Amino acid sequence: MNQVIDGQKTLDRHLIDFVDQLRNTGVKISLGSSIDFGLAVTELGAGSSEDIYWAGRSTLINRPEDISIYNKVFKSHWLGIDSLVDEVNKLPALDFLFDDLSDDSEFEDSSKSENDFLSVKYSNLEILSSKDFSNCNRAELQELFYLMNEIRFMGERKKSRRMVKTKKHRKFDFEKSVKSSFRTSGEIVKKHFQEGGERRRRLVLLLDISGSMEVYARVLIRFVHAVMLGRSDVEAFTLGTRLTRLTKELSTRNPDAALKRASDAVEDWSGGTRLGEGIKEFNDHWGIRGMARGATVLILSDGWDRGDSEIVAEQMKRLHRVTHRIVWANPLKATPDYEPLAKGMAAALPHIDNFVEGNSFDSLKDLSILLTK
Amino acid sequence: MGLRDVSSVEKVIEELSTQNYLADRGLATAVFLSLRQNRPLLLEGEAGVGKTELAKSLSNWADGDLIRLQCYEGIDSNQAVYEWDYARQLLHLRTAEASGRTEDVSTDVLEGELYDERFLIRRPLLQALSVKNDPPPVLLIDEIDRADDEFEAFLLEILSEYSITIPELGTYRSEVKPIVVITSNRTRDLHDALKRRCFYHWVEHPDVEREIEIIRIRAPKVSLLLAEEVSKAAAFLRGMDLYKPPGVAETIDWAEALVTIGVDDLDEDSVDETLGTLIKYREDQERVRSRGFDEILSLVRQG
């Protein structure tokens, strides 16, 4: 440590500042954890920067994603090496939010007046729900977001290992039958049965947020959020030049707060796509290790890929081997005469179970029905 | 001297190494803190980096029992805490009936007899809380991410109170708190509440130097030269972007396999023959083979 620490009070101050700095970079630290950190430093005796480093690592950090940012903050705070500034500030703001209707927007059709979209809002729901997202103006999108929150996306069920009781004569429930027999001096009067229960299949959503998907992705992220709210055991990621996990960010109930958090977390909005690498990253760090095993995976992408399409094929094959089902929703599929010409799409097709549209509210509704069957 | 009175991180490293476990400073710090503050240790990391092994070494050091709870989907309190031995209870009733005791004693008394400790099957969690005297047991809760959310919440309750209530018998409070090690493979996020209870450590693959030591300790038949070569090769393969980079467990297996077939210095044939002990995915094996072994071999031979 190159900063001289005189007394206990100064050390406390340092520890608190350090925790504050970590919080400012987005690491979530509860009050309890920061107290633990203080206790841990006391326990270890703050003799060396190494002790403080590991005290913090084992109390303040509890997921590997945060380790690199921890290292940077640690270096800057305790060792005075500043590599932090550019890292934190370079996140470009991303705008998923369409709340302020008075604002001008790229989505707004200039030929329409305020009155026009009011009529859309109240009388043309059916037309709106089949309208391609890329043709919707701001007010129509607003209306769609409202509808989207109404979608309840149940997903598929699978057999659970946990048994539940049943009236049908299935597996004899020895335990329960014997237990109830104690009332009748050990005579089994009533037989109890059990059968395998069911549980929801995990659902993994991968949303392509590259430049070519921009118009759709802004809408689909709302859909992703609505799906996550509707049920548990959903995981969400964005695919762009890199893979970003949004499960935590999107778990917030309030859509605006959730999308704000998500937009803060995603660094590569509207960038290029490296679809293959993104799926590979998912496979390596999350999917194959367990998250995708037996799960339903929904990929929302147009299949445009700047990377090597062989990687897409290989990674999709890998993913397909462990999943229960892969559904690919491609907004472009709704175009008449659509052919999967995009390299990435063509490479992925053989490893997909269902290939569907995903360009309008209706198509999303169909999608949720497909996935509930 | 008990584990919980361990005086320093260095002491933890030293004690674990006498148990043939080489911990780096970070892991040792997490162990030290969780021992001193009586809190669970949560370990995450790639498969095969020695998470489970640590619990075994801790129990050897403590000279106490290692009680292992392997989690799986659908695990519930019957498998984790306790279960009544219904078959024996039924037998007890039948015996009472046959000997004519049922006529002398009331049903209540008879039913009371059935819920006696001797008909209780203790599952790992209850076992861990029932230890009466030092040394403390080590409770290993393995792969907690496989269990479902509800079970995790239930576990959290037990880990904060260190007590279990059995309706028919009353509350069991642990007299000697177990040393708790929890491992997770991160197939899903654990609840923040559980994470907050624990000291956390992300276990990494060891560096070459440490791995050489580990191989030498775990597989004493392996020569220093071979251990060096094996560790360097493993480090190289871990940098190769494989689906499943080899863990320490695999390198130890590999080194032992090489010794078994009488190899004391890596060459192309021996690597090719034994690759399956080190790399378990066909795609990975193909990738390594198609790249050829020259690179690895020239690398491991360097000073």
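Here are some notes:
- Candidates A:Glu249, A:Glu198 - the one that is among the acidic types (Asp, Glu), within 14 Å of another protein chain (Cβ to nearest Cβ) and more than 17 Å from the chain's Cα centre (by Cα): A:Glu198
- Listed by first and then second residue, the pairs linking a residue in the stretch A:220-240 that is farther than 15 Å from A:Met148 by Cβ and within 14 Å of chain B (Cβ to nearest Cβ) to a residue that is polar (S, T, N, Q) and outside any loop (DSSP other than H, G, I, E, B), with Cβ atoms under 8 Å apart and 6 or more places separating them unless they lie on different chains, are A:Phe237/A:Thr244.
- The residues on offer are A:Leu370, A:Leu341, and the sole one that is farther than 23 Å from A:Glu140 by Cβ, in a loop (DSSP other than H, G, I, E, B) and at pLDDT below 85 is A:Leu341.
- Failed item in (1) away from every other protein chain (no Cβ under 14 Å); (2) polar (S, T, N, Q); (3) closer than 25 Å to B:Arg36 by Cβ, with B:Ser184 passing the rest: (1)
- Any hit, the stretch A:271-280, residues being more than 14 Å from chain B (Cβ to nearest Cβ), closer than 24 Å to A:Lys365 by Cβ and in contact (Cβ under 8 Å) with a residue 60 or more places away in the chain: no
- Selection from the stretch B:249-303 of residues that are at pLDDT 85 or above, among the acidic types (Asp, Glu) and under 32 Å from the mean Cα position of the chain (by Cα): B:Glu250, B:Asp253, B:Glu256, B:Asp272, B:Glu273, B:Asp284, B:Glu286
- Residue within the stretch A:46-57 that is crowded, with 17+ Cβ neighbours inside 10 Å and closer than 26 Å to A:Arg261 by Cβ present: yes
- Selection within the stretch A:344-358 - buried (at least 17 other Cβ atoms within 10 Å of the Cβ), in a loop (DSSP other than H, G, I, E, B) and at pLDDT 85 or above: A:Ile352, A:Glu357
- If the condition is being surrounded by fewer than 17 Cβ atoms within 10 Å (Cβ to Cβ) and in contact with a Cys (Cβ under 8 Å, 6 or more places away or on another chain), then the stretch B:164-199 contributes no residue at all.
- Filtering the stretch A:30-50 for residues that are outside any helix (DSSP H, G or I), small (Gly, Ala, Ser) and at pLDDT 85 or above leaves a non-empty set.
The values are calculated or read from the model by the stated rules, or taken from the named source; none is laboratory data. Fair warning: this is a prediction, and the values are worked out from it, not measured in the lab. Note that we place each Cβ from the backbone using ideal geometry, even for glycine, and neighbour counts take in every protein chain shown.
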